[in-house]
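Heads up: the structure comes next, in structure tokens.
Only the coordinates and a few stated rules stand behind these numbers; no lab work does. Predicted model, so just to flag it, every value in this text is computed and none were measured. FYI the Cβ positions are ideal-geometry reconstructions off the backbone, even for glycines, and counts take in every protein chain you see.
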Amino acid sequence: MTTNLPDDSTPWSELPRRLLVAGGAGFIGSAFVRLLLEREPDLQVTVLDKLTYAGNLANLAAVADRPGYRFAEGDICDRELVERLAGEVDCIVNFAAETHVDRSILDPDAFIKTDVYGTFSLLEAARLHHHRRFLQVSTDEVYGDVEPPALSLEDDPPRPRSPYSASKVGAEMQCFAYHATYGVPILVTRGSNTYGPHQYPEKIVPLFVTQALDSLPMPVYGDGGAVRDYLYVDDHARGIATVLARGTAGLAYNLGQGGEPVNGLQVARAVLRLTDRQESLIQHVEDRPGHDRRYALDSSRARALGWAPQLDFETGMERTVAWYRDHRPFWEPIKSGEFAEFYRRNYRPLAGTAPASS
Ligand code: NAD
Ligand code: TYD
């Protein structure tokens with residue numbers, strides 16, 4: 001079945017055969033499911049997703065008719081539902097989360113519920129059913145602001161500084177406790193800033209790309225000097241699969257692209273170049289409260305398992321801009337709908353430039 005697919009050293013065939021993928025209708029989770037079923041069409045994959053503003057069944061349309069694929073709409077905090085679904089699989093991969101820092105600053109409540117309690121609910125089900133694996137998808141934001149030239153290593157202490165990153169640390173700590181106390185074979189991945197097709201247009205890359213395509217301003221926080229390590233979504237999904245197949249239970253694994261760090265202004269300029277727009281679209285706005293200036297990872301532990309990102313920032317951005325240019329039906333209804341209200345609240349000085357509400 002894999003003969004027409006490009007070379008991929010990811011150990012897809014070593015994965016558990018029956019998986020529950022929580023949050024699989026979101027950006028990274030859906031990329032993971034699409035790649036997984038493309039490579040291993042015989043796997044049994046159940047996606048559990050609440051379909052919040054960020055969840056989108058269209059992200060899973062490519063796999064909807066696979067015989068092993070099943071979709072369950074529901075909340076990971078629903079203990080009964082989770083226990084029932086977990087009884088039919090060998091492992092859980094948890095992508096489900098509230099994920100946007102700016103929303104966590106406006107409304108932290110849902111972050112604590114989903115990211116912390118929801119992860120606990122999944123861990124309890126994994127314990128009950130003696131699962132072979134539990135993979136918690138976490139983030140490099142757990143390390144907090146990292147002074148140059150240091151690179152974060154997995155054993156560095158967590159220093160979260162936003163409600164989002166604190167909720168992700170809370171989830172991780174439950175995972176490590178379940179490993180130590182009950183022997184649940186957990187794995188944690190800490191991916192860096194991820195971008196690519198199918199991302200809800202609130203994070204910097206899809207926001208700036210869609211704003212530029214509509215010749216609207218790109219709001220750069222503060223001086224635009226905060227740097228991130230941008231990882232293409234398929235590379236992140238392959239990293240998660242590699243850790244799931246080959247990782248050592250009880251450990252965390254950093255997953256970073258590892259190229260030159262990229263700051264906010266550089267993201268904006270890359271978008272301007274690829275969309276052929278003028279520098280005047282860049283608008284500096286008030287800085288994010290508690291804005292972390294730098295994340296930077298040492299990913300040698302994951303690389304030792306055989307994982308390596310395939311796309312550099314430039315190639316990944318070309319693909320991403322091309323995808324958003326060709327997929328207006330994905331993002332136009334979002335930007336004139338749910339997103340418009342968030343944009344007005346979060347970017348008050350630019351409120352007049354919000355996409356038109358439907
Ligand atoms: P996303 O916001 O695109 O998707 C999250 C998904 O979770 C959505 O489909 C949503 O409907 C679902 N969900 C939310 N609450 C739920 C609940 N209570 N029950 C069931 N489903 C629920 O997020 P993403 O960018 O794909 O991120 C996936 C995971 O990767 C998250 O855990 C995030 O913390 C982590 N991560 C993201 C990035 C990034 O840059 N996007 C980087 C590193 C790690
Ligand atoms: P974001 O994509 O929100 O990811 P995170 O905060 O999880 O790293 O932000 C990435 C960087 O881009 C961060 O330094 C903040 C900056 N940024 C802006 O300058 N303007 C924006 O509108 C957004 C959303 C982010």
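A compact table of results
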| quantity | calculated |
| --- | --- |
| Count - residues of region 65-106 that are more than 16 Å from ligand 2 (Cβ to nearest atom) and either under 29 Å from Pro163 (Cα atoms) or not hydrophobic (A, V, I, L, M, F, W, C) (or both) | 28 |
| Residues (assigned to a helix (DSSP H, G or I) and either in contact with a Leu (Cβ under 8 Å, 6 or more places away or on another chain) or among the aromatic types (Phe, Trp, Tyr) (or both)) located in region 139-153 | Asp140, Tyr143 |
| Residue within region 185-195 that is surrounded by fewer than 17 Cβ atoms within 10 Å (Cβ to Cβ), aromatic (Phe, Trp, Tyr) and touching a helix residue (DSSP H, G or I) at 6+ places or on another chain (Cβ under 6 Å) present | no |
| Filtered residues of region 118-138 (kept if of a type outside the set (D, E, K, R) and in a loop (DSSP other than H, G, I, E, B)) | His129, His130, His131 |
| Filtered residue count, region 103-143, keeping only those that are among the small types (Gly, Ala, Ser), out of contact with any Lys or Arg (no Cβ under 6 Å at 6 or more places or on another chain) and farther than 18 Å from Lys203 by Cβ | 3 |
| Residue ranges of strands (runs of 3 or more DSSP E) in region 154-271 with at least 3 members touching a residue at least 12 places away in the same chain (Cβ under 8 Å) and hydrophobic (A, V, I, L, M, F, W, C) | 186-191 |
| Single unsatisfied condition, Ser165 versus (1) of a type outside the set (Val, Ile, Thr); (2) surrounded by fewer than 19 Cβ atoms within 10 Å (Cβ to Cβ); (3) in contact with an Asp or Glu (Cβ under 6 Å, 6 or more places away or on another chain) | (2) |
| Neighbours by Cβ (under 8 Å, 6+ apart or cross-chain): first from region 116-128, closer than 15 Å to Thr181 by Cβ; second of a type in the set (Phe, Trp, Tyr) | Leu123/Phe134; Leu123/Tyr178; Ala126/Phe134; Ala126/Tyr178; Arg127/Tyr178; Arg127/Tyr182 |
| Residue tally, condition within 9 Å of ligand 2 (Cβ to nearest atom) and within 22 Å of Glu341 (Cβ to Cβ), over region 212-246 | 4 |
